[in-house]
Amino acid sequence: MEFHDEDHAAKLLRAQTHIWNHIFSFINSMSLKCVIELGIPDIIHNYGQPMPLSNLIASLPIHPSKTHFIHRLMRIMIHSGFFSNTESELEPKYTLTDASLLLLNNHPMSVTPFMHAMLDPILTNPWHQFSNWFKNGDLTPFETAHGLLLWDYAGTDPKLNNLFNDAMASDAQLVSSLVIEKCKGVFMGLESLVDVGGGTGTMAKAIAKSFPKLECIVLDLPHVVSGLHGSHENLIKYVGGDMFEAIPPADAVLLKWILHDWNDAECVKILKKCKEAITRKGKEGKVIIIDMVVENEKRDNESVETQLFFDMLMMALVTGKERSKKEWVKLISSAGYNNYKITPVLGLRSLIEIYP
């Protein structure tokens with residue numbers, strides 16, 4: 001085939017590059033996973049100064065035959081923004097970036113547990129069944145891949161249960177500090193709060209620590225809270241149960257990263273149970289939701305892409321989705337609430353307060 005039009009040839013080549021980049025985008029994920037499993041962020045951090053390639057290689061638990069591959073692994077990680085390279089005449093020297101700081105094991109807001117969960121084969125295998133799922137009657141690609149829905153599978157597989165709980169706890173550590181710092185007024189005046197789907201209690205503990213007089217209850221499935229004990233100091237209580245059946249009465253119900261896991265009909269059921277919980281004490285409380293509000297015109301392209309990634313993740317693993325402001329308002333109204341307030345202060349996520 002001959003190309004007489006240079007612009008046409010250039011367009012074809014750009015299109016080919018675009019396709020190749022999307023075909024191989026998984027390489028970014030797997031390279032990142034490799035770097036974390038080798039402990040590279042912590043090794044560079046502990047070195048205390050820009051780390052020469054030779055020193056990095058000498059510190060790694062790798063086979064001698066693999067030493068000459070490390071600079072190539074680091075090269076793509078530098079391109080992806082996880083490390084900086086201080087060039088010298090002798091060899092490159094590596095430093096951490098803001099992104100790799102969040103990959104350190106001892107960082108209080110480390111996202112490494114989230115990475116371990118999302119890139120585990122249990123959660124990546126469903127993507128290989130995506131097109132098959134469109135042709136069958138299963139609820140999710142996860143069900144097509146594993147024969148069970150995610151929550152049922154986690155109840156029978158300790159590995160997935162632990163991975164998922166650790167991932168949610170690490171995220172709660174980051175979000176709770178930001179919520180308490182930027183949105184303290186949200187919890188003022190409350191005497192009791194139920195953290196629905198609160199996992200191992202990371203978020204509830206942080207809230208209780210900042211508001212010692214606030215009684216905090218964590219409600220989650222029995223297999224999640226099994227063996228967990230309350231903290232008398234911070235008045236943390238764990239309750240095993242089902243949010244679709246009943247939620248303990250309280251002044252406020254917290255739903256952090258819960259509703260995006262469920263479809264609209266399921267969310268309405270959850271929100272109605274929340275309404276019962278916050279009105280059962282004879283006074284009207286509120287529901288505090290932490291979730292994404294998509295289609296925000298202020299977003300940059302990377303942020304929009306991240307929100308779209310999460311929407312597809314919800315499609316692959318569970319029955320939920322990420323919602324626009326219009327969809328949130330419809331959901332809130334359908335569940336019988338009369339008022340709401342959306343505060344976009346948590347990066348890709350917003351804090352949504354809804355009132356009966």
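Under 8 Å by Cβ, and 6 or more places apart or on different chains, what pairs join a residue from region 343-356 that is under 18 Å from SER333 (Cα atoms) with one that is among the aromatic types (Phe, Trp, Tyr) and part of a strand (DSSP E or B)?
ILE352/TYR340; GLU353/TYR340; ILE354/TYR340; TYR355/TYR340
Taking the residues in region 137-171 that are of a type in the set (A, V, I, L, M), surrounded by fewer than 21 Cβ atoms within 10 Å (Cβ to Cβ) and over 18 Å from the mean Cα position of the chain (by Cα) as candidates, determine which candidate is farthest from PHE114 (Cα to Cα).
LEU139
Being surrounded by 14 or more Cβ atoms within 10 Å (Cβ to Cβ), under 20 Å from the mean Cα position of the chain (by Cα) and at pLDDT 95 or above is the requirement here; does ILE36 meet it?
yes
Go through (1) of a type in the set (Val, Ile, Thr); (2) in contact (Cβ under 8 Å) with a residue 24 or more places away in the chain; (3) closer than 26 Å to ASP171 by Cβ for THR86 and report which single condition fails.
Among (1) of a type in the set (Val, Ile, Thr); (2) in contact (Cβ under 8 Å) with a residue 24 or more places away in the chain; (3) closer than 26 Å to ASP171 by Cβ, the lone unmet condition for THR86 is (3).
Any chance region 262-285 includes a residue that's touching a strand residue (DSSP E or B) at 6+ places or on another chain (Cβ under 9 Å), of a type in the set (Ser, Thr, Tyr) and closer than 25 Å to ALA204 by Cα?
The answer is no; no qualifying residue exists.
Residue-wise test of (1) surrounded by 14 or more Cβ atoms within 10 Å (Cβ to Cβ); (2) at pLDDT 90 or above; (3) closer than 25 Å to ALA277 by Cβ.
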{"site": "GLU305", "(1), (2), (3)": "no, no, no"}
{"site": "PHE310", "(1), (2), (3)": "yes, yes, no"}
{"site": "LEU317", "(1), (2), (3)": "yes, yes, no"}
{"site": "LYS321", "(1), (2), (3)": "yes, yes, yes"}
{"site": "ILE332", "(1), (2), (3)": "yes, yes, yes"}
{"site": "TYR337", "(1), (2), (3)": "yes, yes, yes"}
{"site": "PRO344", "(1), (2), (3)": "yes, no, no"}
{"site": "ARG349", "(1), (2), (3)": "yes, no, yes"}
{"site": "GLU353", "(1), (2), (3)": "yes, yes, yes"}
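Please work out which residue is farthest from CYS274 (Cα to Cα), limiting yourself to region 157-198 and to residues that are small (Gly, Ala, Ser) and part of a loop (DSSP other than H, G, I, E, B).
GLY189
Only one residue in LEU174, LEU178 is crowded, with 18+ Cβ neighbours inside 10 Å and within 28 Å of ALA206 (Cα to Cα). Which one?
The conditions single out LEU174.
Which residues, counting only those in region 187-204, are more than 17 Å from SER226 (Cα to Cα) and under 22 Å from the mean Cα position of the chain (by Cα)? If you could, list the steps in order and put the result at the bottom.
Applying the first criterion (more than 17 Å from SER226 (Cα to Cα)) to region 187-204 yields 187-194, 203.
The answer is VAL194, MET203.
Please specify each residue of region 310-349 satisfying the condition of being hydroxyl-bearing (Ser, Thr, Tyr), in contact with a Phe, Trp or Tyr (Cβ under 9 Å, 6 or more places away or on another chain) and assigned to a strand (DSSP E or B).
Result: TYR340, single match.
In region 78-95, which residue that is touching a helix residue (DSSP H, G or I) at 6+ places or on another chain (Cβ under 6 Å) and within 14 Å of LEU32 (Cα to Cα) is surrounded by the most Cβ atoms within 10 Å (Cβ to Cβ)?
Top of the filtered list is PHE82.
Can you name the residue in region 200-218 that is outside any helix (DSSP H, G or I) and of a type outside the set (A, V, I, L, M, F, W, C) and, of all such residues, is surrounded by the most Cβ atoms within 10 Å (Cβ to Cβ)? If you could, list the steps in order and put the result at the bottom.
Residues of region 200-218 outside any helix (DSSP H, G or I): 200-201, 211-218.
Pick out the ones that are also of a type outside the set (A, V, I, L, M, F, W, C) and you get 200-201, 212-213, 215.
Details: THR200: 20, GLY201: 26, PRO212: 9, LYS213: 8, GLU215: 17.
So, considering only residues that are outside any helix (DSSP H, G or I) and of a type outside the set (A, V, I, L, M, F, W, C), the one surrounded by the most Cβ atoms within 10 Å (Cβ to Cβ) is GLY201.
In region 45-77, what count of residues is obtained for those that are closer than 17 Å to MET115 by Cβ and crowded, with 16+ Cβ neighbours inside 10 Å?
So the count comes out to 2.
Residue-wise test of (1) buried (at least 23 other Cβ atoms within 10 Å of the Cβ); (2) of a type outside the set (A, V, I, L, M, F, W, C); (3) under 17 Å from LEU351 (Cα atoms).
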{"position": "LYS237", "(1), (2), (3)": "no, yes, no"}
{"position": "GLY240", "(1), (2), (3)": "no, yes, no"}
{"position": "ALA250", "(1), (2), (3)": "yes, no, no"}
{"position": "LYS256", "(1), (2), (3)": "yes, yes, yes"}
{"position": "ASN263", "(1), (2), (3)": "no, yes, no"}
{"position": "LYS269", "(1), (2), (3)": "no, yes, no"}
{"position": "GLU276", "(1), (2), (3)": "no, yes, no"}
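The values are calculated or read from the model by the stated rules, or taken from the named source; none is laboratory data. Since the model is a prediction, treat every value here as computed from it, not as a measurement. Virtual Cβ from ideal backbone geometry, glycine too; neighbours counted across all protein chains shown.
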